[in-house]
Amino acid sequence: MAVLKEVQQNYGKLKQYINGEWIESRSTQVYENVNPATGEVIATFPSATDEEVNQAIESAHAAMKTWGAVPLRDKAKYLFDLRQKFVEKADWLSRILVQDHGRTIGEARGTLSRCIENIESACSALLLLTKGEYVSDLAKGLDQTLYWEPRGVFLIITPNNIPMHAWSSFVPYAFASGCPVIVSPSKEDPLCAQAIFEVTREVAGFPPGLMNLVYGGRNVNDKILSHPHVKGVGFIGSTDVGRKLFARAGELGKEASINGNGKNHVVLTEDMDIKTAVNGLLRGCYGMAGQRCLGADNLLVMDGVYDKLKEAFVAASAAMKMGYGLDESTELGPLVSKKGQQKVIDFIDRGIADGAKILLDGRNATVKGFEGGFFVGPTVFENVDPDMFIARQESFGPVANLIRVKDIDEALDLINNKDDYGHSACLFTQSGAMARKFTKEADVGNVGINVPVPQPYAFFPLGSKNESAQGTAKTRIDSMRLFLDQKTVTERWA
């Protein structure tokens, strides 16, 4: 298979995008951006100054009136133009995503497909979900109308694991709703944000200020959210940070869509097809090096098939090829950061210390030619007690726990009573009755049947529950509920 070229080796100092222009920051606080496969610096980026933050907010606030005056059909055309730009630039964006984040090129291409789907979904939402409602003659001569109106400027915070997909889960819907945005990307892969903005700015119809890009992290985010012109925040990241952000939004009286961690389970039954299940588990457990909120963590395996599943899964896991994602034969890339790598290693250490048995140990993984990369190999535990730390908390790495269960009821009990997050759960089975029971009784927001990752398409919401989400809007098409407000008009003319 081919080894693709990097778009470029070093991108220099990244600029912020404010009021339709690339701005060289005056900040003296500058961070390094590292390629996780090599450990080498590929860019630097600033923390926005107070003046730059205010410029972004004021330009977004001014753009709301301009964008609001654009006819609906023209807005739809510009969103369709945005979709076409992403189609044209998909390969370019994919290679930057690999270089900046560390995933494989196949995973990156899948991400760009998801981004395009979100833009398509936003096009549909613009035409269908912004329509109001009308009832005539509620009483004699009395009519009532419901209008949907944009709330205002929004802060969008994107995480280090899905920097492009998270952007697409909010921003196209904000545009469709009439809301300008200020995007604040993770410090670990800001190059992805710059690449997205380079593509988006090519759409001729988007007015200056509709989209703004600033760097800086939590302090900058709080300055933005605290401003009176900013009406809310869309966030994807950790539950811990999300809770604090949700509390802050509530304190300020702002809208919020907060999406956090998950501790996801896959139930493997005695009537499943082992080959199909194992192939799926490789993607579910190790896709994006395990840095995936919908990824599989706990494998609940029924007694009758446990030994066969264990043997097949461990062998397949051990055979995965690690490497730089621009090599098309690579199956497992690095963690996004050195900090993330160490966190996963600490997680594995904790599992061993607590008494779990390690069947496959990825802590000392190295890749020839990429010795400075942040790699952790596939790791498999068994003898995992459901109350152990590794069974309750998300590893955010390529780690899988094998847990024996006797039947579907025991599996559901573990999912419903040992998982605080309620993000997702999957079942591999040939039994329709068992699948129906699982779908109805699993207390999670996203259910998969014979799929390892229950990823909803863009025109469905990401149905997270419990500790995995706060706020009423669940991203993707459901973001429209975040960005739109209601106005009712009652009229009497007779």
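None of the figures in this text is laboratory data; all of them are computed from the coordinates on show. Small disclaimer: the values here were computed from a predicted structure and weren't measured. Every residue, glycine among them, receives a Cβ derived from its backbone with ideal geometry; neighbour counts consider all protein chains shown.
Tabulated data for the structure shown
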| item | result |
| --- | --- |
| Note, ³J(HN,Hα) from phi for region 109-120, Karplus 6.51, -1.76, 1.60, rounded to Hz, x at Gly and Pro | 5, x, 4, 5, 4, 5, 4, 5, 4, 5, 5, 4 |
| Simple label model, 7 Å out from Cα along Cβ direction - residue 51 to residue 143, nm | 5.3 nm |
| Residue-by-residue Karplus 3J(HN,Hα) for region 315-325, coefficients 6.51, -1.76, 1.60, Hz, glycine and proline x | 4, 5, 5, 5, 8, 5, 8, 8, x, 6, x |
| Net charge, residue 24 excluded, C-beta distance under 9 Å - Lys, Arg +1, Asp, Glu -1 | +3 |
| Equivalent ellipsoid semi-axes - Cα gyration tensor, region 30-153, angstrom | 40, 22, 12 |
| Between helix 239-252 and the chain: long-axis angle, C-alpha atoms, 0 to 90°, nearest 10 | 20 degrees |
| Peptide ranges 66-73, 292-299 listed from the most packed, as the mean C-beta count within 10 angstrom indicates | 292-299, 66-73 |
| Between helix 190-200 and the chain: long-axis angle, C-alpha atoms, 0 to 90°, nearest 10 | 50 degrees |
| Rounded Å value of the spacing that divides the Cα centres of region 329-374 and region 218-262 | 31 Å |
| Folded to 0 to 90 degrees: helix 408-418 orientation relative to the chain principal axis, Cα | 60 degrees |
| Region 355-494, relative contact order in percent, only Cα pairs under 8 angstrom and at least six apart counted | 15 percent |
| Cα-based convex hull volume of the chain per residue, rounded to whole Å³ | 155 Å³ |
| Sequence-separation-based contact order of the chain, relative, with Cα cut under 8 Å and 6+ spacing, percent | 20 percent |
| 22 Å Cα-Cα reach of residue 15 towards lysines, excluding residues that sit fewer than 8 places from it in its own chain | 85, 89, 187, 223 |
| For region 380-390, 3J(HN,Hα) per residue [Karplus equation, 6.51 cos²θ - 1.76 cosθ + 1.60, θ = phi - 60°, Hz, x = Gly/Pro] | 10, 10, 9, 6, 9, 6, x, 8, 5, 4, 5 |
| Overall form of region 283-442 per C-alpha gyration tensor (a/c, 1.5; a/b vs b/c) | prolate |
